[in-house]
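Readers should treat all values here as calculations from the given coordinates under stated rules, not as data from a laboratory. Note that the structure is a prediction, hence the values are computed from the model and not measured. Neighbour counts run over all protein chains shown; Cβ positions are idealised from the backbone, glycine included.
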Amino acid sequence: MKHRHLDYPAGTAPEDLPSAAIVDILDRGDLQDWLPLARAVAAQPNGALADRIAALVDAFPMYGTSPLWRAWIYRRRLSVAPASRDPLTLPELRRRRGLSQADVALRLGISQSDVSKLERRRDLKLSTMRDYLAALDCPLHLTTRVDGADVDISPPH
């Protein structure tokens with residue numbers, strides 16, 4: 001199979017494709033080319049390939065294709081139970097919502113580079129976290145444990 005200048009055997013597993021081939025398939029391929037990628041993402045929506053595709057469509061925006069693949073991955077991820085109770089990072093949550101850093105920047109009225117910096121911070125103000133989550137359409141809810149019971153608390157706005 002040939003995509004751009006890359007030549008690889010037909011039937012190569014999507015997980016084994018070089019990133020340049022995946023970008024070319026997403027950008028220039030047809031539905032037949034997309035099918036192996038879609039099947040692999042459907043089988044493991046929280047897997048490495050789905051994360052890789054999400055990162056590639058963010059890194060190499062493609063008109064029409066990037067939002068489509070972000071939404072596809074997001075919908076597939078919603079259809080499966082979380083694999084663990086490990087907390088999500090902000091970039092993981094953003095990708096699960098099918099959004100790029102540029103999308104979030106537009107919603108927050110800041111630059112994409114500021115979103116990148118925000119996502120790497122180790123310590124965020126509660127108001128910053130609330131605003132970021134609101135841009136993802138994920139309202140902030142705080143819960144604490146008091147005498148063995150979970151208690152919802154509401155921060156001041």
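So the values come out like this:
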{"item": "Most mobile listed residue (PRO61, PRO18, PRO91) in the chain, GNM with C-alpha springs under 10 Å", "result": "PRO18"}
{"item": "Additional length obtainable on full extension of the chain from ARG145 to GLU15, 0.36 nm per residue less Cα span", "result": "42.6 nm"}
{"item": "Computed E for LYS125/ALA71 - FRET, C-beta separation, R0 22 angstrom, nearest 0.05", "result": "0.10"}
{"item": "q = 0.16, 0.25, 0.27 Å⁻¹: log10 I(q)/I(0) that the Debye formula gives for segment 87-157, counting C-alpha atoms only", "result": "-0.60, -1.18, -1.31"}
{"item": "Pairwise FRET efficiency - ALA55 versus ALA134, Cβ, R0 = 22 Å, nearest 0.05", "result": "0.40"}
{"item": "For segment 1-86, the fraction of alpha-carbon pairs in successive 10 Å shells from zero, as %", "result": "17, 53, 25, 5, 0"}
{"item": "Dimensionless Rg ratio for segment 38-130, taking C-alpha atoms and the 2.2 N^0.38 Å reference", "result": "1.11"}
{"item": "Surrounding net charge for LEU133, when Lys and Arg each add one and Asp and Glu each subtract one, Cβ distance under 15 Å", "result": "+3"}
{"item": "Relative contact order %, segment 1-86, counting alpha carbon pairs below 8 Å whose residues are six or more apart", "result": "24 percent"}
{"item": "Estimated distance in nm for a label pair at GLN44 and LEU31, the labels positioned 7 Å out from Cα along Cα-to-Cβ", "result": "2.7 nm"}
